[in-house]
Amino acid sequence: MDNIDEIGKYKKHTKSNVSKAKSKSKHKHTYGKGIVIINDKYNSVYKVKYCTECGKIYDLASETVVTDEGYCRMLHRDELLEKYKDLPHFTIPNIMVKFVSITHE
């Protein structure tokens with residue numbers, strides 16, 4: 001039996017009337033390569049892709065090489081800094097930071 005006055009079990013979702021423009025970026029991200037040094041007890045170094053306009057970090061990756069025996073190993077801090085000495089270097093306090101500081105000239 002259908003009762004018309006019965007309240008439905010689930011509430012239907014409606015679109016939010018709150019503007020989402022603040023969370024969206026005002027530009028198209030153009031990514032460049034760089035090196036990030038993290039100020040932790042190990043002073044970790046990572047190769048990174050970051051937006052050249054706002055400094056948003058897109059890809060944080062460690063570099064690996066294949067040894068003569070066929071094993072993969074991560075590059076040490078000094079090897080990574082020497083290999084990518086021409087890329088810009090950024091220092092961040094921890095790995096959870098989403099942006100690097102960009103100085104425009």
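The values are calculated or read from the model by the stated rules, or taken from the named source; none is laboratory data. Since this is a predicted model, take the numbers as computed values, not measurements. Backbone-built Cβ (ideal geometry, glycine too); neighbour counts: all protein chains shown.
Annotations for the structure displayed:
- Condition check for S62: touching a Leu at 6+ places or on another chain (Cβ under 8 Å), under 18 Å from I95 (Cβ atoms), among the small types (G, A, S) and modelled with pLDDT of 70 or more: yes
- Here D78 meets each of (1) in a helix (DSSP H, G or I); (2) modelled with pLDDT under 85 with one exception, condition (2).
- If you go through segment 64-90 and keep only what is in contact with a Ser or Thr (Cβ under 9 Å, 6 or more places away or on another chain) and under 13 Å from S44 (Cβ atoms), you end up with M74, L75, R77, L80, F90.
- Tabulated pairs, segment 74-93, first among the charged types (D, E, K, R) and surrounded by fewer than 14 Cβ atoms within 10 Å (Cβ to Cβ), second modelled with pLDDT under 90 and assigned to a strand (DSSP E or B), C-beta under 8 angstrom, 6+ apart or interchain: none
- Residue in segment 52-60 that is among the small types (G, A, S), at positive phi and under 18 Å from the mean Cα position of the chain (by Cα) present: yes
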